[in-house]
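Participant: Once you've had a glance at the structure underneath, I'll fire off some questions.
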Amino acid sequence: RPHSRPRQPGVRTMLPLLLLLLPAAHGIAQLGYRPTLTKDPPLEGQTTASTFVVDQPRCVFQDYGDAVIWLVVALDQAASNFNNSAAPGTSETAFQSFPDPVSAYMTLNTTLGNYPCPKPAGDITVLRVGSETSCAQDVTRPTCNGPLPGPGPYRVKFLALEGSVPVAETVWSLPITLKTAKPPSSIPTTASGHSADMIAITTILSILFAILLAALVAMLFFWGSDSCSSSTFSKPESVTVRRYNTHHVYDQPAARL
């Protein structure tokens with residue numbers, strides 16, 4: 001029975017290095033650019049409940065003029081397992097199947113001409129991920145930039161393809177977590193949740209309302225008293241009718257013959 005050869009210690013240490021060099025063996029250039037949330041200029045809604053805004057990759061892919069640049073959006077825990085050879089627009093990378101069973105999708109494809117270097121003055125140099133709602137359920141548009149389904153966290157990177165061949169990629173971003181709405185149970189419903197200013201304003205308004213109500217009641221009372229006074233009738237005076245006798249109503253004495 002032959003004895004098994006002991007594994008050389010160097011084999012175990014070389015294996016991770018070979019895995020790191022695997023993309024380079026396929027001709028994919030590893031670029032040092034890391035996508036980040038935009039900070040300059042500061043934007044309202046940098047992250048929302050279903051979107052986030054990243055900077056465009058300006059002056060990053062200038063050596064790949066014939067390539068189409070894609071944004072890859074992945075779940076944080078699945079980013080390292082993304083297959084760069086996965087073709088965009090297929091069931092393997094469709095937005096409509098994200099995040100289960102698809103853990104990473106490809107969207108916002110464009111040519112290098114839309115990422116000029118250097119940036120012309122006045123250009124908008126950001127991308128809002130998750131801004132399209134019309135195609136979110138449309139399976140005929142698997143590259144839809146649809147709303148993200150939850151808070152994440154997510155990671156993104158840019159991938160350049162020449163035809164269907166990946167030629168260059170950036171580093172994955174740091175984890176991006178979206179905002180979450182407060183549950184109804186966390187909203188205070190008692191006076192203890194209000195500030196001192198709100199309590200003072202409420203008290204003043206209550207006092208003013210009480211004064212106004214009292215003035216209204218008093219006004220109605222006086223109006224009622226005036227109405228009762230004007231409706232009292234005095235007893236009519238008795239009318240005495242004098243009787244007049246006219247002289248021609250008596251019979252004249254008979255004429256003497």
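Participant: Which condition does residue 63 not pass, out of (1) within 20 Å of residue 127 (Cα to Cα); (2) in a loop (DSSP other than H, G, I, E, B); (3) out of contact with any Gly (no Cβ under 9 Å at 6 or more places or on another chain), if it passes all the others?
Facilitator: Just one mismatch for residue 63, condition (1).
Participant: Applying the selection to the range 66-79, what residues are open to solvent by less than 10 Å² (accessible area, probe 1.4 Å), in contact with a helix residue (DSSP H, G or I) (Cβ under 9 Å, 6 or more places away or on another chain) and in a strand (DSSP E or B)?
Facilitator: Matches in the range 66-79: 69, 72, 73, 74.
Participant: Continuing with the same structure: Would you confirm whether any residue within the range 15-31 is at negative phi, at pLDDT 95 or above, surrounded by 10 or more Cβ atoms within 10 Å (Cβ to Cβ) and not in a strand (DSSP E or B)?
Facilitator: Yes, some residue in the range 15-31 is at negative phi, at pLDDT 95 or above, surrounded by 10 or more Cβ atoms within 10 Å (Cβ to Cβ) and not in a strand (DSSP E or B).
Participant: Tell me which of these residue 124 doesn't satisfy, since it passes every other one: (1) among the β-branched types (Val, Ile, Thr); (2) out of contact with any Cys (no Cβ under 8 Å at 6 or more places or on another chain); (3) at pLDDT 95 or above.
Facilitator: Just one mismatch for residue 124, condition (3).
Participant: Being in contact with a Phe, Trp or Tyr (Cβ under 7 Å, 6 or more places away or on another chain) and part of a strand (DSSP E or B) is the filter; apply it to the range 109-135 and report the residue that is surrounded by the most Cβ atoms within 10 Å (Cβ to Cβ).
Facilitator: If we take residues in the range 109-135 being in contact with a Phe, Trp or Tyr (Cβ under 7 Å, 6 or more places away or on another chain) and part of a strand (DSSP E or B), then 129 is surrounded by the most Cβ atoms within 10 Å (Cβ to Cβ).
The values are calculated or read from the model by the stated rules, or taken from the named source; none is laboratory data. Small disclaimer: the values here were computed from a predicted structure and weren't measured. Counting neighbours? That spans all protein chains shown, and the Cβs are built from the backbone with ideal geometry, glycine included. Just so you know, the surface numbers come from the protein's heavy atoms only, side chains and all, with ligands and any DNA or RNA stripped out. Shrake-Rupley method; radii C 1.70, N 1.55, O 1.52, S 1.80 Å.
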